[in-house]
Amino acid sequence: MKRIAILASGTGSNALKIIEHLRDNEQIEVALVASNRKSAKVLDMAANHGITNRVITRFDFYESDTFLSELKEAEIDWIILAGFLWLVPTNLISTYSNRIINIHPALLPTYGGKGMYGMSVHKAVKENSEIISGMTIHLVNENYDEGVIVFQGRTDIVPNDTVEDIAAKVLKLEHEYYPMVVEGLVMAQI
Ligand code: GAR
């Protein structure tokens, strides 16, 4: 059995898809959902699914090993970022080397880096009149959006697409592939 923790800052629609998808997998358990925002909807969603959930403070995450110790105590094997906006600190990166995964709402290496998240990504894509966008699933290292890419999904953009349309197309791709890719990576190491 492998135990995963999902870290998310907002709605948690990807977190929900992952939880639903993994419910049928007897070898992987979503054991923890954590957020840096107390009001994040993802925490309520996790509670509704009976999953342990908690808020992470800057002190827990950056200024001490508190969160890392909790992950170890909960015997977490993998960390899945699903719309998590804080940079992951080196103590987590080194302990969970190649076992932290992120999803980004664009085709990296373009439209990545600090400040490039959520709607700001889709706005930039629209402003540049791109004809293709998509999402990238990658391993996490100490820099924003720079780890090894494991999967990308593409979608066409037409000139009439608004920023919201682009966001919806990309989110659909995320929902379609992220749960399966997470499952595939974890299962490959079982
Ligand atoms: C997703 O589109 C994800 O790719 C993005 O935040 C959204 C979270 O949606 N992540 C980033 O921008 C990270 N740089 P959700 O809370 O509904 O899953």
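What follows draws every value from the coordinates through simple rules; no lab data is involved. Quick caveat, the model's predicted, so the values are computed rather than measured. Because the Cβ atoms are built from the backbone with ideal geometry, glycine has one as well, and the counts that use them run over all protein chains shown.
Counting only residues that are free of Cβ contacts under 8 Å to residues at least 24 places away in the same chain, give me the helices (runs of 4 or more DSSP H) lying completely in region 1-105 with at least 3 of them. Walk me through it before giving the result.
Working: elements: 13-22, 41-48, 66-73, 90-95.
Correct list: 41-48, 66-73.
Any chance you could count how many residues in region 168-177 are over 24 Å from Asn98 (Cα atoms) and in contact (Cβ under 8 Å) with a residue 40 or more places away in the chain? Please lay out each step first, then the result.
Going through region 168-177, the residues over 24 Å from Asn98 (Cα atoms) turn out to be 168-172.
Filter again for in contact (Cβ under 8 Å) with a residue 40 or more places away in the chain, leaving 170-171.
Selection size over region 168-177: 2.
Results for (1) loosely packed, with under 13 Cβ neighbours inside 10 Å; (2) without any contact (Cβ under 8 Å) to a residue 60 or more places away in the chain; (3) within 15 Å of the ligand (Cβ to nearest atom); (4) over 17 Å from the mean Cα position of the chain (by Cα), shown as yes or no for each residue.
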site: Gly112; (1), (2), (3), (4): no, yes, yes, no
site: Gly115; (1), (2), (3), (4): yes, yes, yes, no
site: Val121; (1), (2), (3), (4): no, yes, yes, no
site: Met135; (1), (2), (3), (4): no, yes, yes, no
site: Asp145; (1), (2), (3), (4): no, yes, yes, no
site: Ile166; (1), (2), (3), (4): no, yes, yes, yes
site: Leu185; (1), (2), (3), (4): no, no, no, no
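Does Ile28 satisfy the criteria of being more than 13 Å from the ligand (Cβ to nearest atom), within 22 Å of Leu92 (Cα to Cα) and not polar (S, T, N, Q)? Working first, answer last.
Details: more than 13 Å from the ligand (Cβ to nearest atom): yes; within 22 Å of Leu92 (Cα to Cα): yes; not polar (S, T, N, Q): yes.
Criteria met by Ile28.
So is Thr155 among the β-branched types (Val, Ile, Thr), over 25 Å from Asn53 (Cβ atoms), more than 13 Å from the chain's Cα centre (by Cα) and part of a loop (DSSP other than H, G, I, E, B) or not? Quick ask: steps written out before the conclusion?
Details: among the β-branched types (Val, Ile, Thr): yes; over 25 Å from Asn53 (Cβ atoms): yes; more than 13 Å from the chain's Cα centre (by Cα): yes; part of a loop (DSSP other than H, G, I, E, B): no.
Spelling it out, it is not the case that Thr155 is among the β-branched types (Val, Ile, Thr), over 25 Å from Asn53 (Cβ atoms), more than 13 Å from the chain's Cα centre (by Cα) and part of a loop (DSSP other than H, G, I, E, B).
Which one of these does Ile18 not meet: (1) within 10 Å of the ligand (Cβ to nearest atom); (2) over 24 Å from His138 (Cα atoms)?
Every condition holds for Ile18 apart from (2).
Would you mention how many residues in region 11-28 are surrounded by 18 or more Cβ atoms within 10 Å (Cβ to Cβ) and touching a strand residue (DSSP E or B) at 6+ places or on another chain (Cβ under 8 Å)?
7
Please give the number of the condition Asp44 fails out of (1) within 15 Å of the ligand (Cβ to nearest atom); (2) surrounded by 15 or more Cβ atoms within 10 Å (Cβ to Cβ).
Every condition holds for Asp44 apart from (2).
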